[in-house]
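A.B. asks: This is the structure, below, for whatever I ask next.
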Amino acid sequence: MPSLRMELPCLCLLFLSCLQLLSANNDFFTSIGQMTDLLYTEKDLVISLKDYIKAEESKLQQIKQWADKLDLLTATATQDPEGFLGHPVNAFKLMKRLNTEWGNLETLVLSDTTDGFISNLTIQRQYFPTDEDQTGAAKALLRLQDTYRLDANTISTGDLPGVKHKSHMTVEDCYELGKIAYSDVDYYHTELWMAQALKQLDQGEESTLDKVTVLDYLSYAIYQQGDLERALEYTKRLLELDPEHQRANGNLKYFQFQLDKQRKTEEDETQKQVKREKRETSDKKKKNNNVSNHQIPERKKYEMLCRGEGIKMTPRRQSRLFCRYYDNNRNPKYLLAPVKQQDEWDRPYIVRYLDIISDKEIEKIKQLAKPRLRRATVHDPQTGKLTTAQYRVSKSAWLTSYDDPMIEKINQRIEDLTGLEMDTAEELQVANYGVGGQYEPHFDFGRKDEPDAFKELGTGNRIATWLFYMSDVTAGGATVFPDVGAAVWPQKSTAVFWYNLFASGEGDYSTRHAACPVLVGNKWVSNKWIHERGQEWRRPCGLRETE
């Protein structure tokens with residue numbers, strides 16, 4: 001019998017340098033750029049798994065050959081046992097098989113071929129995404145669903161605009177989203193995703209989950225939203241599948257009792273309600289006539305702009321926007337090759353520079369930034385210090401001119417085109433947005449009630465913002481200004497610029513802006529926040545507050 005020789009390649013050392021890099025970071029879901037490393041990690045694990053399968057198949061093949069050989073031998077021998085063993089060689093081989101070869105077979109069967117794969121998996125597991133990452137990615141999907149008004153079926157089937165790699169969600173995936181929403185006491189999304197899971201089960205999708213489990217969550221989520229009739233309907237359906245379900249039986253009685261009570265109350269107040277509704281309808285008509293756009297909640301305006309709705313680009317405004325070749329008052333560097341500049345908005349004045357950063361520079365910036373990416377922070381107005389925030393889902397890194405001469409070259413380009421001093425500006429910040437990455441409405445400058453916002457820097461307030469777009473975004477990812485109804489869409493190799501402060505030094509509150517969630521694609525940006533100090537002669541103070 002051939003002896004077993006199992007040699008599994010150990011891939012662990014190949015990944016250690018990469019994994020050490022990953023271990024320095026967490027919050028994978030906040031950066032698509034860093035999540036790409038996880039794909040390569042998973043690919044290496046699959047190779048290791050295939051090696052393990054190959055070893056197991058080789059082991060089983062040897063056992064099968066041994067069994068087939070003995071099956072044939074014993075079938076012949078048992079037809080004439082005495083005659084078979086009358087041959088001295090057969091007798092010797094029987095003793096040898098039972099004394100030695102069956103022992104070897106036992107060793108083969110008990111041999112562990114999992115060592116290579118398990119040790120590799122164990123090493124890499126410590127660098128895997130955490131529960132926080134999974135929950136963060138799930139909540140990002142729910143955020144995208146709300147912002148872009150997507151139904152659960154559209155997301156589940158992967159039918160998103162411009163997708164190259166379509167991906168379907170299983171019943172288990174939908175159920176997991178529903179559970180995460182449920183644990184967050186978000187019964188609205190719990191209902192949407194449990195209903196989608198149930199729909200796919202009804203359509204015959206194979207799953208380890210059963211309808212009873214899904215219906216249990218679904219009926220309760222609907223009840224929590226006050227729809228007793230539908231909650232009762234789904235509870236009855238659950239009991240048809242599992243008549244002994246203890247919680248459902250209790251809920252059935254309770255929902256029915258509450259529904260009867262509700263109907264009785266409604267009957268007693270029918271006439272009063274009719275009169276009240278007539279009066280309220282009349283009042284609403286009067287109120288609706290006075291409703292204007294500025295009364296729409298900021299969150300709603302923000303989401304509308306992200307969808308490309310409510311943009312206040314009137315023909316009159318459009319007529320005031322131009323494109324031009326720009327040399328910033330005959331700057332020597334741009335006399336022979338002026339840059340292309342176009343107006344994006346009039347108030348606040350936002351301009352875009354086209355072809356202002358090369359692909360080579362973009363790749364270099366990403367290469368420098370990627371190992372340093374950390375969860376993006378915001379200024380805490382109370383402490384003046386940087387802190388992470390749930391309303392900013394991205395990772396960022398800071399690059400200085402000491403990191404690479406190219407950074408100094410880019411800083412100088414910004415200075416030449418804006419005419420503003422860069423020595424007092426903040427370092428170049430590079431940001432990569434993750435799953436549903438966003439930055440909710442905010443000001444770049446420190447307001448009067450935030451006197452210590454940039455005190456540690458000692459360079460005054462943020463006078464202006466320069467923003468490079470380093471990637472195109474397939475869907476979503478716009479920079480929007482909710483107060484004025486403006487939207488600026490990412491366009492690779494361009495940059496946008498605006499002043500945050502009036503020449504008087506007062507804050508321009510119309511510059512409140514947000515980065516919309518990335519629906520499909522990968523968004524890379526880099527920005528330069530320019531401060532007041534050093535601009536005294538470059539941008540003299542105005543005579544009026546809003547000048």
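The values are calculated or read from the model by the stated rules, or taken from the named source; none is laboratory data. Computed from a predicted structure; not experimentally measured. FYI the Cβ positions are ideal-geometry reconstructions off the backbone, even for glycines, and counts take in every protein chain you see. These accessible areas exclude ligands, DNA and RNA; they are computed on the full protein's heavy atoms, side chains included. Shrake-Rupley method; radii C 1.70, N 1.55, O 1.52, S 1.80 Å.
A.B. asks: Around residue 147, under 14 Å between beta carbons, what's the net of Lys plus Arg minus Asp minus Glu among the other residues?
C.D. replies: +1
A.B. asks: So how far apart, in nm, are the two label points at residue 59 and residue 343 if each is 7 Å from Cα heading toward Cβ?
C.D. replies: In this crude label model, residue 59 to residue 343 measures out at 7.5 nm.
A.B. asks: What is the mean projected area of the alpha carbon convex hull for segment 131-258, to one decimal in square nanometres?
C.D. replies: 8.6
A.B. asks: Now for a different question. Kindly express, to the nearest 10 degrees and within the range 0 to 90, the angle between helix 131-147's C-alpha long axis and the longest C-alpha principal axis of the chain.
C.D. replies: Here the helix axis deviates by roughly 50 degrees.
A.B. asks: In whole percent, and with a 1.4 Å probe on the protein chains, what portion of the accessible area of segment 442-534 is carbon and sulfur?
C.D. replies: C and S atoms contribute 46 percent here.
A.B. asks: Sorted by average packing, counted as other Cβ atoms within 10 angstrom per residue and highest first, what order do 490-496, 97-103 take?
C.D. replies: On the way: 490-496: 20.0, 97-103: 12.1.
The densest-packed peptide leads the list: 490-496, 97-103.
A.B. asks: Hey, how many Å between the Cα centroid of segment 191-260 and the Cα centroid of segment 409-444?
C.D. replies: About 51 Å separates the Cα centre of segment 191-260 from the one of segment 409-444.
A.B. asks: Next question. Answer rounded, prolate or oblate for segment 310-531, using the Cα gyration tensor with square roots of eigenvalues a ≥ b ≥ c: rounded when a/c is under 1.5, else prolate when a/b is larger than b/c, else oblate.
C.D. replies: rounded
A.B. asks: What 222 nm value per residue comes from the helices of the chain, counting each DSSP H run with n ≥ 4 as -39,500 (n - 2.57) and dividing by all residues, nearest 500 deg cm²/dmol?
C.D. replies: Rounded to the nearest 500, it is -15000 deg cm²/dmol.
A.B. asks: A further question follows. Give, as a single signed number, the net charge of other residues whose beta carbon lies under 15 Å from the beta carbon of residue 97, with Lys and Arg counted +1 and Asp and Glu -1.
C.D. replies: -1
A.B. asks: Using a probe of 1.4 angstrom, how much of the accessible area of segment 131-258 is carbon and sulfur, in percent?
C.D. replies: 47
A.B. asks: So, for the chain, what is the accessible surface per residue at a probe of 1.4 Å, expressed in square angstrom? If you can, show how the numbers build up before the last one.
C.D. replies: Details: 30630 Å² over 547 residues.
The answer is 56 Å² per residue.
A.B. asks: Rounded, prolate or oblate: which fits segment 405-531, taking a ≥ b ≥ c as square roots of the Cα gyration tensor eigenvalues, rounded meaning a/c under 1.5, else prolate when a/b beats b/c?
C.D. replies: Oblate, since a/c reaches 1.5 and b/c is not below a/b.
A.B. asks: Just name one of 245, 150, 181: the one whose Cα is farthest towards the positive end of the charge dipole of segment 131-258 (beta-carbon charges, Lys/Arg +1, Asp/Glu -1).
C.D. replies: It is 150.
A.B. asks: Let me ask another. Any idea what angle helix 12-23 forms with the longest principal axis of the chain, computed on alpha-carbon atoms, 0 to 90 degrees, nearest 10?
C.D. replies: Tilt of helix 12-23: around 30 degrees.
A.B. asks: Going by alpha carbons, how many degrees (0 to 90, nearest 10) lie between the helix axis of 211-224 and the longest principal axis of the chain?
C.D. replies: 30
A.B. asks: What lysines could a cross-link reach from residue 409, if we take a straight Cα to Cα line under 29 Å and drop same-chain neighbours fewer than 8 places away?
C.D. replies: 333, 340, 360, 364, 366, 370, 395, 455, 492, 523, 528
A.B. asks: Kindly rank 467-477, 155-165 from highest to lowest mean number of other beta carbons found within 10 Å of each residue.
C.D. replies: 467-477, 155-165
A.B. asks: Can I ask one more? Please report the net charge: other residues with Cβ closer than 13 Å to the Cβ of residue 27, K and R +1, D and E -1. Let's see the in-between values first.
C.D. replies: Details: positive: 139, 374, 375, 392, 395; negative: 131, 132, 133.
Local charge sum for residue 27: +2.
A.B. asks: Could you give the length gained by full extension between residue 126 and residue 324, i.e. 0.36 nm per residue of separation minus their alpha carbon distance, to one decimal place? Present the calculation step by step, with values, prior to reporting the outcome.
C.D. replies: Numbers: separation 198, 0.36 × 198 = 71.28 nm, distance 5.38 nm.
Length gained between residue 126 and residue 324: 65.9 nm.
A.B. asks: Does the chain come out rounded, prolate or oblate, given a ≥ b ≥ c as the square roots of the eigenvalues of its C-alpha gyration tensor, rounded meaning a/c under 1.5 and, failing that, prolate meaning a/b above b/c? Each step should come with its number before you reach the end.
C.D. replies: Working: a/c = 3.31, a/b = 1.48, b/c = 2.24.
Oblate, since a/c reaches 1.5 and b/c is not below a/b.
A.B. asks: Calculate, in nm to one decimal, what residue 309 and residue 112 gain on full extension: separation in residues at 0.36 nm each, minus their alpha carbon distance.
C.D. replies: Length difference between fully extended and current span is 64.8 nm.
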